[in-house]
Amino acid sequence: MSDLHKKLKSLRRERKIDLEAIEKRTKIDLKYLKAIENGKFEILPSTYIRLFLKAYCVEIGADPVDALHQLDELNNINKKKKKKDSTDTGENIFTENNETEEINESSKIESSKNPYQKKSEWLKGFSMILLLLFSIYIIKKIVTNDENSSMDNNIEQISSLNPITDFELINDFIIDKTNSGSIDVAPPFMVKIISRKENIWIRTETDSALPIENILNSSNQDNFSFVKRFDLLVNPAKNIDIFWNGQLIPYLESTNYPAKINLNGITRTITIQHFIPQN
């Protein structure tokens, strides 16, 4: 059957009939006549394919009935082939669809899991944030309590050691002794205060800075620097040593009452006033 177009073409050539002549007589386009001889019947208009083939056979002297019969066989074979291809394609599509369905099903399962997984991860993250915030709160609370406790202890210590103001010093005490002298020191000026045996209350005033009150604990020391003036009020002036640039300051007696010390950086002089209560 596949030889139909070859047989027809061979017959036309044997009879020496030109395609152009067939075109003129049948009015069939030359390209369709060539398609018949090349076996490309699919190029022909589907409505006129049988009519074109019959007219062509008549022109070259071939049996049109036999040609149409062979054409029908060719169509049946093509239909069966297409059906088979369609079935194979359908199976492939079915397989692909199954695979797609399996993938979609897996995706659905995965999607159904993801919200819970995401929720679980979110809860874990949220819990960790809460734990972190709680830890920060506890640490801050502890630090604040320690600071407050330290401050309270410091206030209690200052209160227990009877800090003294200038007004109280003038009204409740009188100057018992005043000692003064010079010392060979050079700037920069450094002062070190050491309490040998007990806690004492001190107030320091350096140059133009505001006065600062503090507790100097037993066997501890405080260090200061100044340029022109350093004033120290101590209560009590007991078991205390003061060094100016490493030199022990003389004239400071150990008493149970306040003492006022002035270091003058311009004149390199020391003035110490010892106080006693008024009668």
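Nothing in this text is a laboratory measurement; each read-out follows from the coordinates by a stated rule. The model shown is predicted, which means the values in this text are computed figures rather than measured ones. No Cβ is skipped: glycine too gets one built from the backbone with ideal geometry, and neighbour counts run over all protein chains shown.
Residues with beta-carbon under 15 Å from that of residue 38, excluding residue 38: net charge, scoring Lys, Arg +1 and Asp, Glu -1? Combined, the nearby Lys, Arg, Asp and Glu give +4. When all alpha carbon pairs of region 166-277 are counted in 5 Å bins from zero, the resulting P(r) reads 2, 12, 24, 25, 22, 12, 2, 0 %. Using Cβ point charges alone (K and R +1, D and E -1), the dipole size of region 166-277 about the Cα centre works out to roughly 300 debye. Working from label points 7 Å from Cα in the Cα-to-Cβ sense, the residue 51 to residue 30 distance is 2.3 nm. Pairs exceeding a 32 Å alpha-carbon distance, out of 16/40; 141/228; 141/192; 9/79; 31/79; 31/80: 141/228; 141/192.
In this simple spin-label model, placing a label point 7 Å from the Cα along the Cα-to-Cβ direction at both residue 172 and residue 135 gives a separation of 5.1 nm. Going from the fewest other Cβ atoms within 10 Å to the most, the residues 191, 234, 143, 185 appear in the order 143, 185, 191, 234. Only alpha carbons enter this Debye calculation for region 4-62, each as an equal point scatterer, and the log10 of I(q)/I(0) it gives at q = 0.17 Å⁻¹ is -0.46.
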